[in-house]
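Bear in mind that the values in this text are calculations on the coordinates, not laboratory data. Model, not experiment: these values are computed from the prediction. Backbone-built Cβ (ideal geometry, glycine too); neighbour counts: all protein chains shown.
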Amino acid sequence: MNKKMAIIDLGSNSVRMIIMMILEDGSYKMLDQIKEMVRLSEGMGKDNILKPLAIKRTIYTLKLFRKLIDVHDVKEIYGVATAAVRNAKNQKEFLNEVKIKTGFEFKVITGEEEGYYDYLGVINTIDIKNCVMIDTGGASTEIGIVFNRKLENVISLPYGAVVLTERFDNELKNNNHVEKFIKNKYKEIPWLIKGKKFPVVGLGGSIRTLAKVHKREIGFPLEGLHNYRMNFEDVKGIYKKIISTDVNERKNIPGISKSRGDIIGKGLAPIKVLMEFLGSKKLIISGNGLREGIFYKHYIKDNKENTLEVLNHSLENILKNYSVNIKHSYHVQKLSISLFEQLKSLHKMGENEKKILKVGALLHDIGMCVDYYNHHNHGFYLVLNSRIYGLTNRELVMCAFIVGMHRNTDLKKDWRNFKIIINKNDYEIIKKLSLLVKIAEKLDRSEYGNVEDIICNITKKNIVMTLKTNSTSELEIASIMKNEKDFEKIFDRTLIINKY
């Protein structure tokens with residue numbers, strides 16, 4: 001039986017919710033998500049009192065969330081409250097009022113728990129070994145250090161975008177005082193320097209906004225933010241542009257929402273200072289954090305470390321989501337890899353290209369969930385928009401082209417539309433890999449594994465491909481030979497097929 005769960009993150013600046021469904025086959029998908037800016041921590045000040053207007057906004061929003069939960073008929077609800085509620089002296093009164101008026105019960109989590117859930121959201125969706133994580137919220141900033149994919153240290157600082165803005169509200173058009181303040185706080189964390197030169201993984205609305213501005217500025221062709229990468233010079237450039245722009249004018253910068261314009265300047269100071277402090281050259285954006293971390297905690301509860309093998313798990317989930325013929329997909333992948341290995345002396349590609357081939361081969365038919373006709377075109381779009389975890393944007397685009405070209409090399413997509421991500425040499429690699437997938441698919445034309453294996457013999461003029469089959473292979477041979485001209489053009493050899 002399918003199971004639905006709602007996860008609500010009651011933050012200091014915004015309230016966010018995701019609704020997830022776990023299917024009987026173990027796959028899962030997001031059914032809905034919603035975010036509303038409520039500024040719960042607004043005006044708390046040193047008294048740490050949640051103010052009536054902020055409470056009213058928050059409860060109104062939670063009532064809307066309740067309606068969405070009821071529409072989806074969700075029975076399993078996990079609500080967590082973070083820094084604003086954690087620090088509030090009127091915490092108990094607020095949570096009681098929330099329960100009475102919305103029916104929601106929230107667990108107030110510690111800053112360290114918040115950092116741990118952030119870690120689960122990151123480590124299960126980004127294939128990274130060592131990094132420093134930072135999540136800048138409204139009233140707190142969580143920082144953690146990851147060694148060999150394990151969270152070694154985590155800390156929560158009681159300073160976020162809203163708190164820093166209120167505390168340093170007189171500092172306009174430069175952030176000298178707030179930067180100095182944050183740097184001194186970092187100096188007090190003894191283990192932080194162990195992350196020197198590590199890439200930084202950034203979470204939270206302020207950091208995502210930084211990436212949105214950069215994407216708009218350079219004309220980045222992909223929609224998703226997850227695993228988007230920036231170098232430190234770009235981070236500094238966008239940061240300087242934002243803080244030197246008048247607060248009222250920031251909303252005119254593409255990528256900055258009206259609701260975040262007043263706090264984004266101070267909200268970005270923690271990430272800029274952290275990268276300077278560590279000498280880090282790379283920022284990786286995570287679109288997943290606390291909510292996704294809570295989901296994975298429940299989804300993989302039988303795994304002590306709550307971690308998955310990112311890419312393989314993501315691919316298996318996608319294959320199930322799109323009802324692909326999984327046995328056929330893995331057989332095409334197997335045959336593609338066999339061709340890759342045996343023809344290595346001609347194509348001269350290595351492990352990085354092999355990884356891309358493996359993914360492209362496995363997903364070659366996902367467009368079938370839309371329609372058979374033009375399923376290669378549908379597959380191209382789905383690969384770019386299915387949140388395949390464990391791939392860089394370059395790898396993702398190359399895989400999309402392989403899927404799109406596995407039936408027809410004349411895919412009506414110009415690689416130059418993605419020239420920020422891939423180059424002409426990448427496209428030449430794509431043409432070779434897509435041909436291998438095309439031939440491998442023809443070798444399993446009947447989709448029941450008739451061709452068990454292949455042996456390639458390379459001569460100066462020919463490539464003799466011997467098929468090991470279970471029965472007659474006329475269908476497979478006829479299908480392959482339709483591609484002999486493409487094969488000869490790419491490998492400069494005539495293709496000859498023999499039966500074992």
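What's the center-to-center distance, using Cα atoms, between segment 191-241 and segment 14-49 in Å? Centre-to-centre (Cα) distance: 22 Å. For the chain, the mean residue ellipticity at 222 nm estimated from helices alone is -13500 deg cm²/dmol, where every DSSP H run of n ≥ 4 contributes -39500 (n - 2.57) and the total is divided by all residues, rounded to the nearest 500.
Each of N13, G43, Y78 was placed along the dipole of segment 10-86 (beta-carbon charges, centred on the mean Cα), and the one lying farthest toward the positive end is G43.
In summary, the lysines within cross-link reach of K150, defined as a Cα separation below 21 angstrom excluding same-chain residues under 8 places away, comprise K129, K194, K196, K197, K282, K297, K301, K304.
Just one of [x] 158; [y] 148; [z] 184 is volume of the Cα convex hull per residue in Å³ calculated from these coordinates, so which is it? Here volume of the Cα convex hull per residue in Å³ agrees with entry [x]. Rg and Dmax, both from the Cα atoms of segment 1-50 and both in Å, are 15.9, 51.
Given a cut-off of 28 Å, name the pairs among K51/K236; K63/K107; K183/K419 whose C-alpha atoms lie farther apart than that in the structure shown.
Over 28 Å apart, Cα to Cα: K51/K236; K183/K419.
In terms of packing, defined here as the mean over residues of other Cβ atoms within 10 angstrom, the peptides 196-205, 227-236 line up highest first as 196-205, 227-236. Other residues with beta-carbon under 12 Å from the beta-carbon of I182 carry, at +1 per Lys or Arg and -1 per Asp or Glu, a net charge of +4.
Mind checking the log10 I(q)/I(0) for segment 119-195 at q = 0.14 Å⁻¹? Debye, one equal scatterer per Cα, no solvent, two decimals. Each listed q maps to, in turn, -0.53.
Decide, for segment 31-70, between rounded, prolate and oblate: order the square roots of the alpha carbon gyration tensor eigenvalues as a ≥ b ≥ c, take rounded if a/c falls under 1.5, and otherwise choose prolate if a/b is larger than b/c, else oblate.
It is prolate, given that a/c is not under 1.5 and a/b is the larger ratio.
In whole angstrom, segment 112-291 maps to an equivalent ellipsoid with semi-axes of 24, 19, 14, each derived as √(5λ) from the alpha carbon gyration tensor and ordered largest first. Looking at segment 428-500, what % of its DSSP beta bridges pair antiparallel, to the nearest 5? Close to 55 percent. Placing +1 on the Cβ of every Lys and Arg and -1 on the Cβ of every Asp and Glu, with no other charges, gives the chain a dipole of roughly 1080 debye about its Cα centre. In segment 3-109, Cα pairs under 8 Å separated by at least six residues give a relative contact order of 29 percent. Express the Stokes-Einstein translational diffusion coefficient of segment 271-318 in µm² s⁻¹, to the nearest whole number, given a Kirkwood radius over alpha-carbon pairs, 25 °C and a viscosity of 0.890 mPa s. In µm²/s, the coefficient rounds to 185.
Taking a sphere under 11 Å around the Cβ of I134 and counting the other residues whose Cβ falls inside, with K and R at +1 and D and E at -1, yields a net charge of -2.
Over 28 Å apart at the Cα level, from the set K354/K412; K215/K258; K3/K354; K412/K489; K35/K75, are K3/K354.
Sparsely packed loop sites in segment 89-123 (the trypsin sites (Lys or Arg not before Pro) outside DSSP H, G, I, E and B with at most 12 other Cβ atoms within 10 Å) comprise K89.
Compute the signed sum of charges (Lys and Arg +1, Asp and Glu -1) over the other residues within less than 11 Å, Cβ to Cβ, of G390.
The answer is -1.
Could you list log10 I(q)/I(0) for segment 312-499 at q = 0.10, 0.15, 0.17, 0.18 Å⁻¹, which the Debye formula gives when each Cα is one point scatterer? With one equal scatterer per Cα and no solvent, log10 I(q)/I(0) is -0.36, -0.84, -1.09, -1.22.
Would you please calculate the Kirkwood hydrodynamic radius of segment 3-109 over all C-alpha pairs and express it in Å, rounded to one decimal?
Final number for the Kirkwood radius of segment 3-109 is 14.2 Å.
Could you check what % of the DSSP bridge pairs in the chain are antiparallel, to the nearest 5? Counting only bridges with both partners in the chain, antiparallel ones make up about 65 percent.
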